[in-house]
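Working notes for the structure below.
Taken together, the values in this text are just the output of simple stated rules run on the coordinates, not laboratory data. This one's a predicted model, so the numbers in the text were calculated from it and none came from an experiment. Cβ placement follows ideal geometry from the backbone for every residue including glycine, while neighbour counts extend to all protein chains displayed.
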Amino acid sequence: MISFANALRQSLPKELSELSLLSLSIMDYKDELVAKNKAFSLFCQENALPNPERIVESPLPRNYRTTTKRRVVLNREKFQLVFDEEDNRSEFAEPLEPAEHLAVYRFIESYLQKPVFNTLAEVLNWVIIRGSYKWRTVIFNVCEMNALVVRKLKLMGEHLNSSGLDVRSAHVYFDPTRSDYYLEAQRPVNALAFKTLYGPKDLTLDLGTCRLKYPVTGFSQINESQIPNLLRCAETLLQPSAETDLLDLYCGYGLFSFGIGENANSTFGVEWEGASIEYAKNSARFLKRQKSRFLAGKIDASFVEKRIPKSQSPEVMLLDPPRKGVDSGVIAALARRKPERILHIFCGTDEIPRSLNQWRLANYRVQKIVPLDLFPGTPHLETAVLMTKADLKR
Ligand SMILES: C[S@@+](CC[C@H](N)C(=O)[O-])C[C@H]1O[C@@H](n2cnc3c(N)ncnc32)[C@H](O)[C@@H]1O
């Protein structure tokens, strides 16, 4: 078994393979794609997987990240916004971020360095920017929340609102644990945990045919420029139609249910993040998708067996789990539903062989492997794998 990182190291031009894989962002995008295509073919070959299609290029190869973050540190008595140590060298990471984000960080940093904002700077853990390429929202992640901090945050919000930097809204997120995760992994239930300083409380994604709202704290794809390609790829491979029910697992706020499910007989989405699933339900109401249903819950084998209703029509199934993959027993439980087609989307390449082996044991066979460059300039790929039931008679 070869890891994708190792396959990539072997596929880079000699002068770059000596550098860290982070240096991909300083390569010409054409050369990066050559190396990634070579590496992914090698990865598939070495892991006994079928030959993949060519990588679907990203319309924006650099400056594409719609979510970025900075940690607040005190450096020689000056508060600064810096990349986290895990992000390593900023000269490799910065080219992936929109220039507008850098301008907003510089603006906030200049205020944090004023003595009047010291109270805020001292409790500020992260500054996060999310949004689209046209507008953005700022989230202040603080470890202490009191009346003085709130006053300073409101003042900062007023400056941002009138900055001319298209910061459409600003929010504060309370994480007393000062965790390394930029939004706390376990959302606090306390009502004060999340507060809007100004502007709309949600984010929006325009899909051309419809506009979806999603929560500021929920998951969204970080490369918005690739979303149309991702949806097109999923629709072409999975072919949801009036004769099939679409099961959308790890659905977030319903990107795939709404993006490719319009012609399906019905759609059923499952997601454990409470706010995201509420937004999905609201979108179904707003877009009058009477045959779209969403259920909040942790997808494990027992949930699949007991909580996901049986389909009335042949089922097509899409799974888009987090990088670590699905819980043990989930694939076998899903296979027992006997879906016609399965599209398993991987954001962690090294997870592919293990999961595909489980699908193979459950009698599903790979029909197509389509890699998409969702993370240009980084050693990662998104991969969509189409599977159908093996013909047991042959
Ligand atoms: C890669 S994201 C995909 C979200 C959505 N498909 C999209 O493209 O916007 C994975 C999602 O799975 C959710 N998730 C992670 N583990 C889960 C589990 N065991 N059960 C249900 N949802 C889970 C996360 O909250 C996240 O929204």
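Couple of notes before you dig in:
- Shown in residue order for the range 98-112 are the 3J(HN,Hα) couplings computed by the Karplus curve 6.51 cos²θ - 1.76 cosθ + 1.60 at θ = phi - 60°: x, 4, 5, 5, 4, 5, 5, 4, 4, 4, 5, 4, 5, 6, 5 Hz (x for Gly and Pro).
- Note on Leu153, Leu22, Leu246: ascending count of other Cβ atoms within 10 Å places them as Leu22, Leu153, Leu246, the fewest first.
- Flagged links, alpha-carbon separation over 20 Å, of Lys213/Lys281; Lys298/Lys324; Lys30/Lys368; Lys114/Lys154; Lys306/Lys338: Lys30/Lys368
- Backbone N under 16 Å from the Ala332 label point (7 Å along Cα→Cβ), restricted to the range 362-394: 362-364
- Under a 5 Å amide H cut-off, with hydrogens placed 1.01 Å from N, Phe294 pairs with Gly269 among residues at least 5 apart or on other chains.
- Fewest-first ranking of Lys213, Lys78, using other Cβ atoms within 10 Å as the exposure measure: Lys78, Lys213
- The phi torsions of the range 255-261, fed into the Karplus equation with coefficients 6.51, -1.76 and 1.60 and a -60° offset, translate into couplings of 3, 7, 4, 7, x, 10, x Hz, rounded to whole numbers, with Gly and Pro shown as x.
- If you look at the Cα atoms of the range 97-160, you get an Rg and a Dmax of 11.9, 34 Å.
- The chain - mean residue ellipticity at 222 nm from DSSP helices (-39,500 (n - 2.57) per run, n ≥ 4, rounded to 500): -9000 deg cm²/dmol
- Overall form of the chain per C-alpha gyration tensor (a/c, 1.5; a/b vs b/c): oblate
- Dipole moment magnitude, nearest 20 debye, the chain about Cα centre, only Lys, Arg, Asp, Glu C-beta charged: 1080
- Reachable aspartates and glutamates from Lys69, criterion Cα separation under 16 angstrom, eight or more residues apart if same chain: Asp84, Glu85, Glu86, Asp87, Glu91, Glu94, Glu97, Glu100, Glu109, Asp175, Asp180, Glu184
- Counting only Cβ charges, +1 for Lys and Arg and -1 for Asp and Glu, the dipole size of the range 272-394 around its Cα centre is about 740 debye.
- For the range 356-365, putting each phi into the Karplus relation 6.51 cos²θ - 1.76 cosθ + 1.60 with θ = phi - 60° gives couplings of 5, 5, 5, 5, 5, 5, 8, 6, 10, 10 Hz, in residue order, rounded to whole numbers and with x for Gly and Pro.
- Model label points for Lys298 and Arg54, set 7 angstrom from Cα along the Cα-to-Cβ axis, are 4.4 nm apart.
- Less than 5 angstrom separates the built amide H of His171 from those of Val138, Ile139, Phe140, Leu197, all sequence-distant by 5 or more or on a different chain.
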